[in-house]
Amino acid sequence: MAKRQFKAESKRLLDLMVNSIYTHHEIFLREIISNASDACDKLCYRALTDQDVGLGRKDFKIEIKADKTGRILTVSDNGIGMDKEDLESNLGVIASSGTFQFRQEVGDDTKNADVIGQFGVGFYSAFMVADHISVVTKKYGSDTAYLWQSSGADGYTVTECERESFGTDVIMHLRPDTDDEKFSEFLEGWRLQELVRKYSDYIRFPIRMEVSKTRKKEDSPEDHPEYETYTEVETLNSMVPLWQRQKSKVKKEEYDKFYRDKFNDYAEPQRVIAVSAEGAVTYRALLFVPSQQPFNYYSKDFEAGLQLYSNGVLIMEKCSDLLPEHFRFVRGVVDSADLSLNISRELLQHDRQLKVIAANLDKKIRADLQKMMKDEPEEYAKFWKNFGRQLKFGVVSDYGAKKDELQDLLLFYSSTEKKPVSLADYVSRMAEGQESIYYAAGETVEAIDRLPQLEALKDAGTEILFFTEDVDEFAAQALMTYQEKKFLSALSGEAAPKPESEEAPEETEEPDHKAVFDFVKEALGEQIKEVKSSKILKSHPVCLTAGPGLSFEMEKYFAAVQPEQKLKADRILELNTSHPVFAALEKAVTDDPEKAKKYAALLFNQALLIAGLPLEDPSGYTDLVCELLV
Ligand code: ADP
Ligand code: MG
């Protein structure tokens, strides 16, 4: 009998796969089991329309047999089976199943071989572990069974044979062990069990295997027990995935256990979000918001992504495309029949479907968090502690592309409420005529609270948001406005509360201090941009405000992350002209200019200290203080 040749492309693909340095050889079992499951599905479906079949879901099963001495692994099913034409067209040509085309798109580079593991290559993946494969199969309704045999790239044969009933056996002769790879591990019960649990746990037909166990011999005494081994056929998979069940029918404990087992967290999840979507793409998802921040969350080691299943078959362990960056703390699974292993090979379509799912999940998570914020503010505060920073980064990244979606999830510490509040709450409390959302950035809430620059606003009862994280000001800058209210730094000179009466602009009342300001500017030179009369100080003599653009907190941030850039905020020295210190300065300017220069330096250094900025010359400053003491 003549050997039939695989199509040329198939040969190349086989070589590539078998010889690639690809390490996930284990996925072959997933592929063979999926095929068996598909075959059962097909016959099951046929039974729905054809009374004569007389089979129901529960009649189907998949069996795994390991023959250690013969080094043979067999996967059998009682599904639809194949006739001669099916064998030719299904197992003779890889190119037709789209695999090859897919390979061409990603390139022949073996470094890309990981893609194989992610998307599945079907039947041929078995050649990664087997050097000879036989398929014994009989199609439902046919009298003849066939034996398909191949040792890889050089071709295959098809002959008639015997098989009692319909269904298929895939018989894999495992490759000899090498120093690098022990193929015989795929004959070990524990290993097969592990692989079924990992990849095929939610296949909806029982996957059965004879497993060996030990038990106490019945007649052995309790104090000297003797043991014996015996074998028992067991179902290895749990079959019904939690996400396929209606949320109202699943107990909280079941979700908790599932989450803990699957994602190795010892704490229960804070939120469980179950999604069932039909439409452009049909899928189910089960998402979890962890109740604790993973210890490596903000490090490079943290790998984000959701588990992607197709009809209960794991395709990808961490599919990061399914989650937007700002929700990368979410864990969970997505299962879509639309991403069948077939379709998933066609990269473009696959991509489009993933995008649709990702966009939907983004919305669902957002809605759920919004709900938690509204209904369970205390829970939300906990969530915020864990992952709020991530959401603020989300506002900042991509030039604020996501800011509209995320702005209502943000919280900032409020000076009047003494706790984190939402922007909507802040705006709802704004006084008549208040045009801006005031914020002040600093190291800690306590440190900000002490800043003299905030005195006037605080006295006027104005609510100020305290920004204690370096990302906060960047987030405010990205947002620019919230409900048309501008963000304004309370530490900037513009942030003075409005005068009580509009008719009395202060400028006219204020005596002209220009000579003093000019003198101080001259004395301090390039260290400052401007000297002016402060509208924000009340009991303190002096402070620094930043010009438009960079703030002092941003300057500190950049000094830490890119010191070589030497980015500096403009320093504007604000003097409280109604303070006795100013009167002393004014007097010195006319009476004793040398002394006045020292006063100017002193005040500037004090302003730097209050702003938390480093002094250029700390010992010079202390000398000055001492000089003025004696
Ligand atoms: P895919 O499953 O993506 O179609 P495979 O390479 O895994 O690609 O399988 C090729 C084809 O071989 C399947 O589509 C199916 O028609 C046929 N096939 C493989 N295994 C079986 C089986 N156990 N029973 C029936 N048909 C099978
Ligand atoms: Mg397949």
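The values are calculated or read from the model by the stated rules, or taken from the named source; none is laboratory data. Just so we're clear, the structure is a prediction, and the values are computed from it rather than from any experiment. Ideal geometry is used to build each Cβ from the backbone, glycine not excepted, and the neighbour counts take in all protein chains shown. Each accessible area value is taken on the protein alone, full model and side chains, heavy atoms only, with ligands, DNA and RNA left out. Shrake-Rupley method; radii C 1.70, N 1.55, O 1.52, S 1.80 Å.
Hey, if you put +1 on the Cβ of every Lys and Arg and -1 on every Asp and Glu Cβ in the chain, which of Pro452, Phe604, Ala523 ends up farthest toward the positive end of that dipole? My answer, from the dipole projection, is Pro452. For segment 242-378, the Stokes-Einstein estimate of translational diffusion at 37 °C and a viscosity of 0.692 mPa s comes to 212 µm²/s, using the Kirkwood hydrodynamic radius over alpha-carbon pairs. Taken as entire DSSP H runs, the helices of the chain that both span 30 Å or more between Cα atoms along their own long axis and average 0.0 or more on the Kyte-Doolittle scale are 27-49.
Based on C-alpha pairs under 8 angstrom that are at least 6 apart in sequence, segment 256-334 has a relative contact order of 27 percent. Taking 0.36 nm per residue of separation and subtracting the current Cα-Cα distance, fully stretching the chain between Glu417 and Glu526 would add 35.2 nm.
Efficiency by 1/(1 + (r/R0)^6): what FRET value for Lys535 and Ala267, r their Cβ-Cβ distance, R0 = 51 Å, to the nearest 0.05? Present the calculation step by step, with values, prior to reporting the outcome.
Details: r = 50 Å, r/R0 = 0.99.
Approximately 0.50, to the nearest 0.05.
Rolling a 1.4 angstrom probe over the protein heavy atoms with all chains in place gives the chain an accessible area of 51 Å² per residue. A dipole drawn for the chain from +1 and -1 charges on Cβ atoms has a positive end, and of Ala358, Leu410, Pro614 the residue lying farthest that way is Ala358. Taking 12 Å as the cut-off, the amide N atoms of segment 575-612 that come nearer than this to a point 7 Å along the Cα-to-beta-carbon line of Leu624 belong to 595-609.
Close amide H contacts of Phe467 (hydrogens built in the peptide plane, cut-off under 5 Å, sequence separation of 5 or more or a different chain): Ala440, Ala441, Gly442.
Could you state, as a whole-number percent, how many of the C-alpha pairs of the chain are farther apart than 47 Å? The share of Cα pairs beyond 47 Å in the chain comes to 41 percent.
Dipole of the chain computed with +1 at Lys/Arg Cβ and -1 at Asp/Glu Cβ about the Cα centre; of Leu242, Pro563, Gly493, farthest Cα towards the positive end is Leu242.
For segment 514-629, a crude dipole built from +1 on the beta carbon of Lys and Arg and -1 on the beta carbon of Asp and Glu, taken about the Cα centre, is about 400 debye to the nearest 20.
Taking label points 7 Å from Cα along the Cα-to-Cβ direction, Ala460 and Val233 give a separation of 8.3 nm.
Can you pull the percent of the chain's accessible area that's carbon plus sulfur, 1.4 Å probe, other chains left in place?
49 percent
Evaluated at q = 0.11, 0.12, 0.18 Å⁻¹, the base-10 log of the normalised Debye intensity for segment 168-282, with identical point scatterers placed on the Cα atoms, takes the values -0.66, -0.76, -1.08. Around the Cα centre of segment 145-214, unit charges on the Cβ atoms of Lys, Arg, Asp and Glu (plus for the first two, minus for the last two) sum to a dipole of about 440 debye. Cα gyration tensor of segment 405-482, axes a ≥ b ≥ c as square roots of the eigenvalues: rounded (a/c below 1.5), prolate (a/b > b/c) or oblate? Here segment 405-482 falls in the oblate category.
Using a 1.4 angstrom probe on the protein heavy atoms only, could you order Ser291, Ser238, Ser428, Ser336 from most to least accessible area? Walk me through the numbers before you get to the answer.
Numbers: Ser291 45, Ser238 65, Ser428 90, Ser336 0 Å².
Reading off the accessible areas and sorting them downward yields Ser428, Ser238, Ser291, Ser336.
In debye, nearest 20: dipole of segment 242-378 around its Cα centre with unit charges on the Cβ of K, R (+) and D, E (-)?
Taking the Cα centre of segment 242-378 as origin, the dipole is about 280 debye.
Taking 11 Å as the cut-off, the amide N atoms of segment 157-173 that come nearer than this to a point 7 Å along the Cα-to-beta-carbon line of Arg46 belong to 166-167.
Plainly put, segment 514-629 has a radius of gyration that is 0.98 times its Kirkwood radius, both from alpha-carbon atoms, as the Rg/Rh ratio.
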